[in-house]
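Novice: My questions all concern the structure below.
No lab work stands behind these numbers, since they all come straight from the coordinates. Treat the numbers as computed from the prediction; the structure is a model and nothing was measured. Quick reminder, even Gly has a Cβ in these numbers, built from the backbone with ideal geometry, and neighbours come from all protein chains shown.
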Amino acid sequence: MRIIYPYPMRISNGYTYMLSIIQFLNALAERVQVDLLSLDSREDIKNYLEQDLGVQLHANLNVVQVTNKRFKVKSNKVFFIGNVIEYLETIEQEKIVIYTRDFKQMRLLIKRARHLFRDVQFIFEVHQILSQNYYRVGKHKRALEMRKLESYVFSNVDKLVCITSTLSSEIRRSFPDCVSDHEILPVGFNKRFLNLMHERNRSYDFIYSGNFSEWKGLDILISAVGIIKQQYGRNVKGVLIGANKETEEYYGKKISELDLSDNIEIIPRLEHKKIDAYIARSKVGVLSNTYAGDGLLFTSPLKLYEYLGAGLKVVVSRLPSIESNIDSTLVYYARPESPQSFAKVIVTALDDSEFCSDKVRKFAENYIWEERARKFIEFSV
């Protein structure tokens with residue numbers, strides 16, 4: 001079996017979702033040949049994995065650099081997909097899995113590549129229902145266009161991989177003609193976190209690392225720290241990692257206004273492998289996601305599994321998307337969008353002397369990338 005993963009972007013740009021894609025493909029390559037067709041060269045991917053993640057590129061991950069330009073004109077719909085089809089035509093007959101999370105690429109490939117192989121499967125990985133997100137923010141025209149695209153892909157692929165059971169259920173409800181074969185695969189994490197050694201005297205009471213988007217709820221977390229300071233009389237110390245210039249300025253202003261400059265440190269985005277040192281110095285990992293965006297039904301936070309794998313106490317929003325996979329004996333649930341609830345639960349977590357890090361690490365072992373790859377291969381057979 002060979003897996004073909006077309007992606008018309010530079011994965012080496014290192015956005016959070018690209019971090020997940022390349023680690024998972026590298027894990028899949030331990031079991032089968034994987035062809036990544038992207039704008040990157042093999043050297044680009046090799047350097048990105050080593051420098052940002054501290055991971056070696058697997059020999060079975062065949063990086064094929066595919067251009068999306070011709071005559072100084074850029075088009076994923078015409079040039080990138082055309083070059084992908086040309087590449088596919090060079091492959092000798094064998095079992096092929098065409099796999100991606102790019103809606104437009106999947107639609108084009110279904111229409112143009114299904115006839116190329118006798119034995120081919122189209123597997124699409126879903127992380128959100130974008131049309132619903134567009135409706136929520138009033139982008140109705142874009143929502144209608146996206147729903148048409150989603151409907152085509154969901155009903156014409158052979159199988160769907162969904163990152164949460166709530167997402168799978170919502171697809172079945174909203175798209176009754178969707179393919180029936182679904183597999184629930186939450187995002188994975190790098191197994192190195194399972195062996196992370198914590199410092200004896202941890203200097204951070206809590207850590208957040210990741211995207212600083214509004215629906216991540218950092219306003220809520222910052223306000224909760226203010227409540228802990230004022231109402232509980234405790235000067236906790238935390239670190240927020242992943243800011244850009246704009247978000248650092250925005251949240252820095254809020255921190256200053258609440259007189260929390262000594263309590264919360266903001267750090268710009270780091271190479272992923274450097275975050276380990278901050279986790280090793282932290283007592284609690286916090287994920288304060290709101291109901292907005294993908295939070296309610298669609299989110300499967302990479303950091304959640306990294307924190308659990310590292311044996312951290314985890315305070316997280318009680319959202320259906322998260323609660324569907326994480327038992328309340330493993331994390332400390334707080335009410336979404338409630339600073340008061342987060343303040344109370346963070347204090348509870350910090351004071352919990354019966355917490356068992358071995359228990360959460362044992363649970364997390366099922367969510368390393370290699371285990372996700374094993375389940376994917378079984379699903380695709």
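Novice: Pop a pseudo-label 7 angstrom from the Cα along the beta-carbon direction at both Glu43 and Ala59 and give the gap in nm to one decimal.
Specialist: 2.2 nm
Novice: Separate question: Can you give the Rg and Dmax of region 66-215 based on its C-alpha atoms, in angstrom?
Specialist: 19.7, 61
Novice: To continue, here is another question. Scattering from the C-alpha atoms of region 191-366 alone, worked out with Debye: what is log10 I(q)/I(0) at q = 0.10, 0.18 1/Å?
Specialist: Computed log10 I(q)/I(0) values: -0.33, -1.21.
Novice: What's the angle, to the nearest 10 degrees (0 to 90), between helix 16-28's Cα axis and the longest principal axis of the chain?
Specialist: The angle comes out near 60 degrees.
Novice: Relative contact order for the chain: what is it in percent, counting Cα pairs under 8 Å that are at least 6 residues apart?
Specialist: 16 percent
Novice: Counting only Cα atoms, I'd like the Rg/Rh figure for region 54-121, Kirkwood definition for Rh.
Specialist: Over the Cα atoms of region 54-121, Rg/Rh equals 1.00.
Novice: Check Thr100: other-chain or 5+ apart residues with amide H under 5 Å from its amide H, H built from backbone geometry?
Specialist: Ile123, Glu125
Novice: Oh, and also: For the residue pair Ser357 and Lys191, what label-to-label distance in nm results when each label sits 7 Å from Cα along the Cα-to-beta-carbon direction?
Specialist: Each label point is offset 7 Å from its Cα along the Cβ direction, giving 2.1 nm.
Novice: Roughly how big is the chain's charge dipole about its Cα centre, with Cβ charges of +1 (Lys, Arg) and -1 (Asp, Glu), in debye to the nearest 20? Present the calculation step by step, with values, prior to reporting the outcome.
Specialist: Values: 54 positive and 47 negative charges, 168 e Å.
Rounded to the nearest 20 debye, it is 800 debye.
Novice: Can you give the convex hull volume of the alpha carbon atoms of the chain per residue, in Å³? All intermediate terms of the calculation are to be shown ahead of the outcome.
Specialist: On the way: hull volume 54.8 nm³, N = 381.
Given the Cα convex hull of the chain, per-residue volume reads 144 Å³.
Novice: Go through region 331-339 residue by residue and turn each phi into a ³J(HN,Hα) via Karplus (6.51, -1.76, 1.60, θ = phi - 60°); whole Hz please, and just put x for glycine and proline.
Specialist: 3J(HN,Hα) across region 331-339, in whole Hz: 9, 10, 7, 10, 6, x, 6, 10, x.
Novice: Ranked highest first by average number of other Cβ atoms within 10 Å, how do 270-281, 179-190, 156-167 line up?
Specialist: Details: 270-281: 16.2, 179-190: 19.3, 156-167: 21.6.
The most tightly packed comes first, giving 156-167, 179-190, 270-281.
Novice: Non-local amide H neighbours of Leu37 (under 5 Å, H modeled in plane, Pro and chain starts lacking H): which ones?
Specialist: Tyr5, Tyr7, Val64
Novice: If you add up the charges near Ser341, with Lys and Arg at +1 and Asp and Glu at -1, over every other residue whose beta carbon is less than 10 angstrom from its beta carbon, what do you get?
Specialist: Once all neighbours under 10 Å are counted, the net charge is +2.
Novice: Given 0.36 nm per residue, what is the gain on full extension from Lys104 to Arg281 after removing their alpha carbon distance, in nm?
Specialist: Contour length minus the Cα-Cα distance gives 59.5 nm.
Novice: Work out how much length Ser75 to Arg374 would gain on full extension: take 0.36 nm times their residue separation and subtract the Cα-Cα distance, in nm to one decimal.
Specialist: Stretched fully, the Ser75-Arg374 segment lengthens by 104.2 nm.
Novice: Viscosity 0.692 mPa s, temperature 37 °C: what is the translational diffusion coefficient of region 266-347 from Stokes-Einstein with a Kirkwood Rh over Cα pairs, rounded to a whole number of µm²/s?
Specialist: 246 µm²/s
Novice: Starting at the first residue of region 31-40, write each ³J(HN,Hα) from the Karplus equation 6.51 cos²θ - 1.76 cosθ + 1.60 with θ = phi - 60°, in whole Hz, x for Gly and Pro.
Specialist: 10, 9, 6, 10, 9, 9, 9, 8, 6, 7
Novice: Here is a follow-up. Taking every alpha carbon pair in region 1-96, what does the distance histogram look like in 10 angstrom bins from 0, in percent?
Specialist: Here the calculated profile for region 1-96 is 16, 48, 30, 6.
Novice: Same structure, new question: If you average the sequence gap of Cα pairs under 8 Å that are 6 or more apart and divide by the length of region 191-366, what percent do you get for the contact order?
Specialist: Value for region 191-366: 28 percent.
Novice: Next question, about the same structure. Can you list residues from other chains, or at least 5 along the same chain, whose modelled amide H is less than 5 Å from the amide H of Ala334?
Specialist: When sequence neighbours closer than 5 places are left aside, the close amide H contacts are Val316, Ser317, Arg318.
Novice: Now for a different question. Beta carbons within 10 angstrom, averaged per residue: use that to sort the peptides 374-381, 133-140, 201-208, highest first.
Specialist: 201-208, 374-381, 133-140
Novice: Which ³J(HN,Hα) values in Hz, rounded to whole numbers, follow from the phi angles of region 59-76 under the Karplus curve 6.51 cos²θ - 1.76 cosθ + 1.60, where θ = phi - 60° and Gly and Pro get x?
Specialist: Ordered by residue, 3J(HN,Hα) equals 4, 7, 8, 8, 8, 10, 6, 10, 7, 10, 10, 7, 6, 6, 10, 9, 7, 5 Hz.
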